[in-house]
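Asks: One structure follows; several queries about it will come next.
A short reminder: the numbers here are calculations on the coordinates, not readings from a lab. Keep in mind that this is a model prediction, so the values were computed, not measured. Cβ placement follows ideal geometry from the backbone for every residue including glycine, while neighbour counts extend to all protein chains displayed.
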Amino acid sequence: MSERRKRIVFPFVEAGYGHIMPMKAVADVFEEKYGDRCEVIRTNFYGDSNNEALVACEKKLIKQVFKMSKYPLQSFIYKLASKLGGHKATTRFPWKTWYKSSFIPALERMKDFEADLIFNTYYSTLYYACEAKKRGLIDSKVAAYCPDPFISEFLDRRVDLMTISTDIGKERAEKQRGFKKTEARIEVVPFLLQKKVKDYTKTKEEYKQELGLDPKKFTILLCDGSYGVGKIKKTVKQLMTLPHEFNLIAVCGKNEQLYEEFKQITPPSNITFLPFGFTDKMLILSAASDLFIGKSGASNMAEANYFSAPVIITLSPSPVEKLIARYHLKYSKTAIKARRVKTAVKKAEEFMLDRGKMQYLVDNCKKHARSDGAEMLADLLWEGLDESGGW
């Protein structure tokens, strides 16, 4: 009988693409480098389960993402609750109490994987894996990547390996009681951008031409996350009032109603307007853009910055997105904040008329432009699977 191959599981969760894209990035690289030496399992943790409670849980999570973007007050409530309840209660309550019906099926699903290593980018699967291990249901190593610059109270710390993309995030994590208690290994890797970002080696002008835009015109990219329920509509309307010549790209994500509405817009002659729905063209759109305006989502901001497009943050609806905004504003200094759309548009106009005023932001973007994070993390995961040692 042949010896069983080592098995690694990448459980995807459909609740915000800020978790999905980093997971896909490292899974792609890992499978390419090590897929012939182990069994790689990619699964939609909830949707592929054929369990009614788990499928229902994912639908609720998606609705929650919508609500967080539309009603920022919920963000404040969650943040307050996490401070009052502490880390343990914050990680346990949502999955063991709020979504109680999916808790036991989720632990059983973790057990059914029979995995040697479970890698996570989302809160729930990380909690389920850690809890299943605590209960003796699995003997898997548990690893995680935090796509945010600081490790929030919502992430379980009972891991074997925690990775994050900022030095200050690691420094703070090492001081947190939970990580000290578990003696988890904490490593810094560059943000997990898709491997194909390396293929985008042309100039912004060339990518503008590929999109049918005037290569000489200043280009603004708008995106409020994969569900498009932020301030994007209001921002488009305000930008349309500017008298200058520029290109405007608006990505509506899964907000089909907004996309259909944008398609009906006849922009003034000085503006070239290019609306998109849910698209796989985010990399070329970022590569062609001079400025990004929108929500402080981890992946969108990281991609924009990689292509030297500074960000004007207009929305940070969740506690995690507030942390992301804080990092880009205070530490990497690749973004500025404008809560009011009118202020954001005024600042965009200022940059449009004098690019020198945003050059310091562009320079900071270039300092942080790295594309090797997924490969570094893939190597770390393989190290964890290696019987000769590993973390």
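Asks: Find, among the trypsin sites (Lys or Arg not before Pro) in the range 146-197, those assigned to loop by DSSP (not H, G, I, E, B) with at most 13 other beta-carbon atoms within 10 angstrom.
Replies: When the trypsin sites (Lys or Arg not before Pro) of the range 146-197 are filtered for loop state and at most 13 Cβ neighbours within 10 Å, Lys175 remain.
Asks: Give the peptides 267-278, 17-28 in descending order of average Cβ contacts within 10 Å, highest first.
Replies: 17-28, 267-278
Asks: Near Gly18, within a Cβ-to-Cβ distance under 9 Å, what is the net charge of the other residues, with Lys and Arg +1 and Asp and Glu -1?
Replies: That works out to -2.
Asks: Next question. With Cα extents along the principal axes in Å in mind, check (i) 64, 53, 50; (ii) 69, 40, 40; (iii) 127, 51, 46 and report the label derived from this structure.
Replies: Correct label is (ii).
Asks: What does the helix-only formula give at 222 nm for the chain: each DSSP H stretch with n ≥ 4 adding -39500 (n - 2.57), the total divided by the residues, and the result rounded to the nearest 500 deg cm²/dmol?
Replies: So the calculated ellipticity at 222 nm is -14000 deg cm²/dmol.
Asks: OK, next. Compute the separation of the alpha-carbon centres of the range 231-271 and the range 22-40 and state it in Å as a whole number.
Replies: 38
Asks: Leaving out same-chain residues fewer than 8 places away, which aspartates and glutamates sit with a Cα under 18 Å from that of Lys217?
Replies: By straight Cα distance, Lys217 reaches Glu205, Glu206, Glu245, Asp290, Glu349, Glu350, Asp354.
Asks: Show me the ranking of peptides 159-166, 376-383 by mean Cβ neighbours inside 10 Å, starting with the highest.
Replies: In descending order of packing, they fall as 159-166, 376-383.
Asks: Below 14 angstrom from the Cβ of Thr334, what's the summed charge of the other residues (Lys, Arg +1; Asp, Glu -1)?
Replies: Combined, the nearby Lys, Arg, Asp and Glu give +4.
Asks: Still on this structure, please answer the following. Which pairs, out of Lys195/Lys216; Lys295/Lys333; Lys24/Lys237; Lys33/Lys60; Lys134/Lys175, put more than 25 Å between their alpha-carbon atoms?
Replies: Going by Cα-Cα distance, Lys195/Lys216; Lys24/Lys237; Lys33/Lys60 fall outside the 25 Å limit.
Asks: Can you order the peptides 352-358, 186-192 by their average number of other Cβ atoms within 10 Å per residue, highest first?
Replies: Result, highest mean Cβ count within 10 Å first: 186-192, 352-358.
Asks: List the relative contact order of the range 196-367 as a percent without decimals, with contacts defined as Cα pairs under 8 Å and 6+ residues apart.
Replies: Over the range 196-367, the number comes to 21 percent.
Asks: Here is a follow-up. Only loop residues by DSSP count here, and only those with at most 14 other Cβ atoms within 10 Å; note down the trypsin sites (Lys or Arg not before Pro) in the range 243-345 that meet that.
Replies: Sparse-neighbourhood loop trypsin sites (Lys or Arg not before Pro): Lys281, Arg339, Arg340.
Asks: Give me the net charge for the shell around Pro94: Cβ to Cβ below 12 angstrom, other residues only, Lys and Arg +1, Asp and Glu -1.
Replies: Around Pro94, the charge tally is +2.
Asks: Only Cα pairs under 8 Å and at least 6 apart count here; give the relative contact order of the chain as a rounded whole percent.
Replies: 17
Asks: Let me ask you something else. Hey, can you grab everything whose amide H is under 5 Å from the amide H of Asn120? Only 5+ residues off in sequence or another chain; H modelled, so Pro and N-termini drop out.
Replies: Ala143, Ala144, Tyr145
Asks: Quick one: Cα centre-to-centre distance for the range 345-364 and the range 135-201, in angstrom?
Replies: Taking the Cα centre of the range 135-201 as reference, the centre of the range 345-364 is 34 Å away.
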